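Shown next, in structure tokens, is the structure this report addresses.
Laboratory data are not the source of any read-out in this text; all were calculated from the coordinates shown. Values in this document were obtained by computation on a predicted structure and should not be read as measured data. Using ideal geometry, Cβ is built from the backbone for each residue, glycine included, and neighbour counts are taken over all protein chains shown.
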Amino acid sequence: MAARGHVQDPNDRRLRPIYDYLDNGNNKMAIQQADKLLKKHKDLHCAKVLKAIGLQRTGKQDEAFTLAQEVAVLEPTDDNSLQALTILYREMHRPELVTKLYEAAVRKVPTSEEYHSHLFMAYARVGEYKKMQQAGMALYKIVPKNPYYFWSVMSLVMQAISAQDEKLSQTMFLPLAERMVEKMVKEEKIEAEAEVQLYFMILERLGKYVEALEVVQGPLGEKLTSELQSRENKCMMLYRRLERWAECNALSCKLLLKNPDDWQFYILYFDSLFYLIDQSWAPPQEGAHSAEGEVHASTAQAISFMEDRIVTEEAKESKHLRGPYLARLELIRRLRERSCPEAQQLGEPLELMFQFFVKFGDKPCCITDLEIFLDLFTPDQHVQFINRLMEAVPLGAPGEDGVALPGDTRALQRHLCVTQLSRSLGQQHALNTEGKLGLIKELKAHYRHGLQFGKSCLKTELQFSDMYCLMAAHVYIDLWLETGDQNMLWQCLGLLEEGLSHSSSNAQFNFPYPLYIYMFPISSWRHLILNFKEYLLTRYAESLGQFAAASQSCNFSLRFFHSNQKDTSEYIIQAYKYGAFEKIPEFIAFRNRLNHSLHFAQARTERMLLDLFLEADTSSPLEESVKSMSLCPEEDDIPWDSLRDNRDLTVLVSWNPKDRQLNEEHKQHSLEDDTLWLRLRSLTLRLIGCVSALTHPPTSRNSEKTTENGVAAKPSSLQSLLSQLENTLNQATQFTEKQLQYPFVGPVPSRLAQALSSGCCQCQLSSLQLPLHLQELETAGLDESTELQTQISNLFKSLAVQLQDMLEKCKGDLLEVKDDQSKPQQFLLENLVYFVETVCIVLWVSNYCGSVLRPLKSSLQKKKKKKKEVSTVTPPVLSAYQEFSSSLQSLLNQALEHIKSQEISLTALKLGALSLEGQTQSEVRTFTKTAMDKVQSSYLRSLQEIGELLKKRADTLKSLKI
Amino acid sequence: MTTLRAFTCDDLFKFNNINLDPLTETYGIPFYLQYLAHWPEYFIVAEAPGGELMGYIMGKAEGSVTRDEWHGHVTALSVAPEFRRLGLAAKLMEMLEEISERKGGFFVDLFVRVSNQVAVNMYKQLGYSVYRTVLEYYSASNGEPDEDAYDMRKALSRDTEKKSIIPLPHPVRPEDIE
């Protein structure tokens, strides 16, 4: 933040040191310096604001705000104060105050271009489109520059886009915007490309495609030069909208002649061709076919156009393009779909794809190219196809193990491609166990052999044969899923370790497979931009009880989302400045997509739950924690109806056949799965907020403040949240009964199914129901509530039983050793985590129960003393509560013992000593052992974290005494 | 066999397969938005027929016109491993050069890690030459030392005498470049 450059101003010189301190992060000195300056120059307002910035940055928000308001009410008009206040308000996340500031400034200095422009930007930051429109116009009146006029026009367009009422957009905002531009056109005042772009945007949104076309093709269109093929692309879009297929077809032809590799124009060419055929389009008697030139309107023309493209391509000596060859296959597909016999004229797909392979088989993309045309085959052609391709793969003579290997990277790539295609065709899946094991052996041989070609590869490069390794891992997983043989899993993990050791930057070896089994540090992962990594990490770290790692990844995500909220408005403003008008709605949609991100809501909710589980009532009281996270039980801040699934699942490589690939149903199911889980978690969180508010009701003195912080819970919200939780649980149970399996390379299941089977959801619900009954008891008193007391006592008893059941489900060995083989049973860890989470909730609820029962008990004792009765009967609810607390004690002891014994046996376990079936090479054994060690240490880490938490919880049991 | 089109915000949700590459920088969202807001025409993505993103180029126009330094700059260029060896990077570079020509640039420049031999050789093939070395331009990460960059240039038609690409005799420090 630099002071503005009026060197002569003595105030600038005085303020300089404060700016410097702030810039260097020395806020304390900045405050001191400001104080010093203010003693001498009381009216140096800017010094006050700078001090406020210092205060804000040292966490004294309230003081900062008060100080800033002292200056703001004076309605300053000096640059220094205005800029400093703008910065302060932005840091306070109060952009709306900036608008007030500049509204006052332009009132006082109505001719200032600068202040008007700041006002416009301030409105832009808060999305006040109508005021932007006015501010833009006001600017234009002061300084008639075109950009200002068009800022105003764009703000009208934004009003149209954001209007709830589509009719209002179409009949008022957009026509007004159109008229404003037309006025400039008539007066021949259009200057910039951006202005034409905006005109185009308006006409397009109004559906005035003919007019838009006239603009693009007319003199104004000549300004559209920045983007390559800008006019052509726009015309093409309009032809499609207008269904002018003749023009569409002719233009695609022209563009394809220019660039025969641009796929989008092949698609448009075919689309338009078949529309024209269906319409029996005929060329006019005389003159040109269309405004864009010659039109193809028959199958014969299309076939010859394709063949011409290929002839041209063949004539080239090198650098053949793939486009024409693939377009020919696309045409065959489309002709077949229409049952056109002419499809045969183009050739037999098997032969054409073979020729393609001969030409391009050594390119890594050959698999993605051919994959999309595999459905042109009948199933009985599959074997023939693969065999035919193998003819074009130069391999050496088979070695001792019967595997023939390639002599160079090109041959390797060809062989790899055939192998990938064979997997895509389902041939690998069709093999029996023995066949699959044989295949793995072969893939491994190719993998290890191929490493020699990459000896000089840099660390940052992938190995040529990496994909063999990954595919072998996939086959291991196929086997594991089919047979349940744990050994397959270990081999898979070992193989991935081996892959990593040769190609450390290949992310495919790192995730997501190992995560299903264990947690590992992920610093080696590449940072992925939109949180897929964090999504996976939170999911697995938390369920496996690695709370620190889970918190860390939640934090990372939250930082990302929060900074996005702040940053996007800055770029919206930039887009105005640079006239990138078409980007403005795009940025706003992007911001919404991120704000409505499922993962954002997940990270928010899980972060709060984690904080509570880890800290509340151990390091600080529950109500403090609830208050500090501004958790409001009445308020649901998750946009349930518009949650967006932003996961990028395409990042995971697989070559599974179509019927085993991820489909829309899986994605939908996964979204539903995650949403249900989120709903359960969010309701649980809000209910915990309720329990906290009940235990520590806001006292009347500062009730206003607590309500502001959102902890005042009405009993009604408890009731309603409970019934929502119950409903959601029912939905969840029904949902998990569907048991849809995701493909292994696809979305990961949420924690829902395991949570339900652990019994934690039901148990948490039961415990959260207790407060309702205790509230009743509080009103009724002990004397006339026998029935209620029995009810509560039974609830306590049943809760103890449920907890015991949950604990039983945690017992067993995390690494079960049987017949000299070990089996990871991570679900036991998950159950243990659910047990601990439930214990936390039960303890908070019990704490509330205690707070209700304690005064009841003491008043009972007082009564007894007065009457001097020596009654031996304790009211049932009191004894039930005491019984319950002691059973809690014993449960926690049991759990702690179990964790301890698991830690001991895990530490003692020598996994390396177990037989590793089929692994004779010592090097390979080492990799499998590395994987086993990682699992072992991951589980130990989990046990430690869970144990520590449970111990801390056990320590709070004392406070339950009444 | 590619669809070349303008990069949009939504592409940020699915370009991970390209950015997994260890030499491709993944910037914060603001960085990409800045380019989209200021130089949208310079941000182009290539899409495969199956919808996968194959690669992208991101660049800008900058420099003083009066000092003959107005030029196009390549900020990022990356192609996913499975779409390499197709000439895609060359195609994207050609487009960026064409845009820079239209804007009346004198040259196109880019920075590349000295160790990234594959890229350096490719740029040489495309007509670029090393104009200067920038010492310790890439700051250290993961315990590796700082790394120098080559500032590589190719003259555009406006620079008829190819003055802009005459190599500097001495390396420069990052703070000396504008």
**Fill in**
Contour minus Cα-Cα span, residue A:359 to residue A:259, at 0.36 nm per residue, comes to 34.0 nm
**Complete:** antiparallel share of DSSP beta bridges within the protein assembly as shown, to nearest 5, in %, is 80 percent
**Request:** Express in nm, to one decimal, how much length is gained between residue A:640 and residue A:896 on full extension, taking 0.36 nm for each residue of separation and deducting their alpha carbon distance.
**Result:** 88.3 nm
**Message:** With a cap of 15 neighbouring Cβ atoms within 10 Å, and only residues DSSP puts in a loop, list the trypsin sites (Lys or Arg not before Pro) found in segment A:434-469.
**Reply:** A:455, A:459
**Item:** Extension gain from residue A:138 to residue A:390, taking 0.36 nm per residue of separation minus the Cα-Cα distance
**Value:** 83.4 nm
**Item:** In nm, spacing of pseudo-spin labels at residue A:300 and residue A:456 (7 Å Cα→C-beta vector)
**Value:** 5.6 nm
**Request:** Could you pull out the longest piece of chain A with no exposed loop GluC sites (Glu not before Pro) in it, calling a site exposed if DSSP puts it outside H, G, I, E, B and it has at most 10 other Cβ atoms within 10 Å?
**Result:** A:401-783
**Request:** Looking at segment B:14-128, send over the antiparallel percent of its DSSP beta bridges, to the nearest 5.
**Result:** 75 percent
**Asked** Considering the dipole of chain A built from charges on the beta carbon (Lys and Arg +1, Asp and Glu -1) around the Cα centre, which of A:767, A:47, A:413 is farthest to its positive end?
**Response** A:47
**Complete:** One can check that the equivalent ellipsoid of the protein assembly as shown, built from the alpha-carbon gyration tensor with semi-axes equal to the square roots of five times its eigenvalues, has lengths in Å, largest first, of 55, 46, 30
**Prompt:** Between residue A:483 and residue A:937, what is the FRET efficiency for a Förster distance of 22 Å, r being their Cβ-Cβ separation, to the nearest 0.05?
**Reply:** 0.20
**Complete:** Simple SL model, points at 7 angstrom along Cα→Cβ for residue A:742 and residue A:859; separation in nm is 5.3 nm
**Principal axes of segment A:367-420: Cα extent on each, largest first, Å** = 36, 22, 15
**Prompt:** By what distance, in whole Å, do the Cα atoms of segment A:151-246 stretch along each of the three principal axes, largest value first?
**Reply:** 35, 32, 22
**Item:** segment A:268-372 - Kirkwood radius from inverse mean 1/r over Cα pairs (Å)
**Value:** 15.2 Å
**Prompt:** What dipole magnitude, in Debye to the nearest 20, does the protein assembly as shown give about its Cα centre under +1 on Lys/Arg Cβ and -1 on Asp/Glu Cβ?
**Reply:** 3560 debye
**Item:** Cut-off 11 Å between beta-carbons: net charge of the residues surrounding residue A:27, Lys and Arg +1, Asp and Glu -1
**Value:** +3
**Request:** Would you mind getting me the FRET efficiency between residue A:38 and residue A:100? Use the beta-carbon distance for r and R0 = 30 Å, nearest 0.05.
**Result:** 0.80
**Message:** Let me spell out the model: positive unit charges on the Cβ of Lys and Arg, negative unit charges on the Cβ of Asp and Glu, origin at the Cα centre of segment B:3-165. What dipole size does that give, in debye rounded to 20?
**Reply:** 460 debye
**Request:** Could you pull the Cα extents of segment B:3-165 along its three principal axes, largest to smallest, in whole Å?
**Result:** 45, 39, 31
**21 Å Cα-Cα threshold exceeded, pairs from A:100/A:131; A:359/B:124; A:436/A:910; A:809/A:934; A:667/B:14** = A:359/B:124; A:436/A:910; A:809/A:934
**Message:** Going 7 Å from the Cα of residue A:179 along its beta-carbon direction, which residues of segment A:187-219 have the amide nitrogen within less than 17 Å of the resulting point?
**Reply:** A:187, A:202-203, A:206
